[in-house]
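For reference, the structure discussed in these notes is given below.
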Amino acid sequence: MISALTTNVTHFFRENHHFETLRTTALPPLLARARAGGRVRIWSAGSSNGQEAYSIAMVLSELASDLTRLDIRILATDIDPVMIARGCDGIYEDAAVEAVPQVLRRKYFEPTAEGQRVIKPLRDCVSFRELNLHDPWPMKGQFDIIFCRNVVIYFDPEAQQRLWQRLENALNPGGWLFVGHSERVTLDGTSALKTAGITTYRLPDAGPKDGGSQWH
């Protein structure tokens, strides 16, 4: 029933300007922190079948050949268990993978009888979990980057505002929040977020940090 009722529209590198910000601005200092022994946590909320999470992982891998040795984790959550299973499998139709630049396609996908599969080292970077965003969240630590795109638009205004606040509370100081092209966070006296680009927001950076507690 959940699969029938939910909208699972996603593409690799959808809204590419977010991934450019990720590559050029958000990730480099976080990678420096990870190489100094710190932790980095990234959350793809409402991740559908995982194309967003794997796009993030590809950007990370291109920036860090030592990624597997760093304490960097990507969490991908969705309410739909069917989408979670597809994300874990990491298998996509050839047409879906066409949105991936050819150089990355050759590097991070391998052909199978069912389509193109994300290679295992990249799949190992992402943990998939079923989660209803309206429920209590089991994650105990904060995140450095949160993607929650084209999800909140389907909620009523009260639920939207409640979720924006919860996402802000889940960010580390200096953390980034990326939202969908039709979504806007209400920046009023209750929010510390600042506009940092097109549908991109950031908390002020309070100084050095270790990435917070691990999520489970």
(Q) Below 8 Å between Cα atoms, with a sequence gap of 6+, how large is the relative contact order for the stretch 61-216 in percent? (A) 21 percent
(Q) Using only the alpha-carbon atoms, what does the stretch 7-77 span along each of its principal axes? Please give whole angstrom values in decreasing order. (A) 40, 22, 16
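Counting only helical runs of four or more DSSP H residues, what would the 222 nm mean residue ellipticity of the chain come to if each run contributes -39,500 (n - 2.57) and the total is spread over all its residues?
On the way: 9 runs with 69 residues, N = 216.
Only helices count here, giving -8500 deg cm²/dmol.
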Q | Order by protection proxy (mean Cβ within 10 Å, highest first), peptides 137-146, 66-75 | A | 137-146, 66-75
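Starting from the eigenvalues of the Cα gyration tensor, five times each then square-rooted, give me the equivalent ellipsoid semi-axes of the chain, largest first, whole Å. Don't skip to the answer; put the middle values down first.
Details: eigenvalues 129, 95, 49 Å².
Those come to 25, 22, 16 Å.
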Q.
Among DSSP bridges having both ends in the chain, what percentage is antiparallel? Round to the nearest 5.
A. 35 percent
Q | Cβ crowding within 10 Å averaged over residues, with 49-58, 103-112, 80-89 ranked highest first | A | 49-58, 80-89, 103-112
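Here, each number is a calculation from the coordinates, and none is a lab measurement. For clarity, every value in this text was computed on a predicted model and none was experimentally measured. Ideal geometry is used to build each Cβ from the backbone, glycine not excepted, and the neighbour counts take in all protein chains shown.
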